[in-house]
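Any read-out appearing in this document is the output of simple, stated calculations on the displayed coordinates, not a laboratory observation. Quick caveat: nothing in here was measured; it's all calculated off a predicted structure. Note that each Cβ is placed from the backbone with ideal geometry, even for glycine, and that neighbours are counted across all protein chains shown.
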Amino acid sequence: QVQLVESGGGMVQAGGSLRLSCTVSGSVFSISIVEWHRQGPGKQREFVAAVAGGGNTNYADSVKGRFTVSRDDAKNTVYLQMNSLKSEDTGVYYCRYRYFGNESWGQGTQVTVSS
């Protein structure tokens, strides 16, 4: 059974930085796709960024140039480096694991950006 554990959330002032981690266990990792999504207060969950095996990345327009997604296959971990944070980045951040039709979600980590 695939398990995902996110960490690194917290409270930060606007303009600050945070780095989130998502550690995956229980399944193939190196050729999987891992995504970050977020859900702000009163909003629907939305895509933030993704990294595939081999390192190809994709970002939502709202975070391009500010967020960087990366992976360390030796640690089965994906990172989301978030810089120049804005109040609208506030929300619960979830990672999602995808591998040949199988998917799993983490429990989420709260990010709060104060203006």
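Quick look at the values:
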{"quantity": "Distance between modelled label sites at D73 and Q39, nm, 7 Å Cα→Cβ extension", "calculated": "3.2"}
{"quantity": "Translational diffusion of segment 37-115, µm² s⁻¹ [Kirkwood Rh, Cα pairs; Stokes-Einstein; 37 °C; 0.692 mPa s]", "calculated": "245"}
{"quantity": "Gap separating the Cα centres of segment 4-40 and segment 64-99, nearest whole Å", "calculated": "5"}
{"quantity": "Amide hydrogen neighbours beyond the local backbone of T90, cut-off 5 Å, H modeled", "calculated": "V113"}
{"quantity": "Paramagnetic reach from S114 (point 7 Å along Cα→Cβ, amide N under 16 Å) across segment 3-17", "calculated": "10-17"}
{"quantity": "Qualifying trypsin sites (Lys or Arg not before Pro) in segment 1-44, DSSP loop, other Cβ atoms within 10 Å at most 14", "calculated": "K43"}
{"quantity": "Those chymotrypsin sites (Phe, Trp or Tyr not before Pro) in segment 68-115 that DSSP places in a loop and that have at most 13 other beta carbons within 10 Å", "calculated": "F100"}
{"quantity": "Potential lengthening between M11 and Q81 on full extension [0.36 nm per residue; Cα-Cα distance subtracted]", "calculated": "23.7 nm"}
{"quantity": "Those residues of segment 52-83 whose amide nitrogen sits under 20 Å from the label point placed on S27, 7 Å along Cα→Cβ", "calculated": "52-58, 70-80"}
{"quantity": "Normalised alpha carbon radius of gyration of segment 1-72 [divisor 2.2 N^0.38 Å]", "calculated": "1.18"}
{"quantity": "Relative packing of peptides 8-17, 45-54 - highest average C-beta neighbours within 10 Å first", "calculated": "45-54, 8-17"}
{"quantity": "Gained length - Q107 relative to T57, 0.36 nm times residue gap less alpha-carbon distance", "calculated": "15.7 nm"}
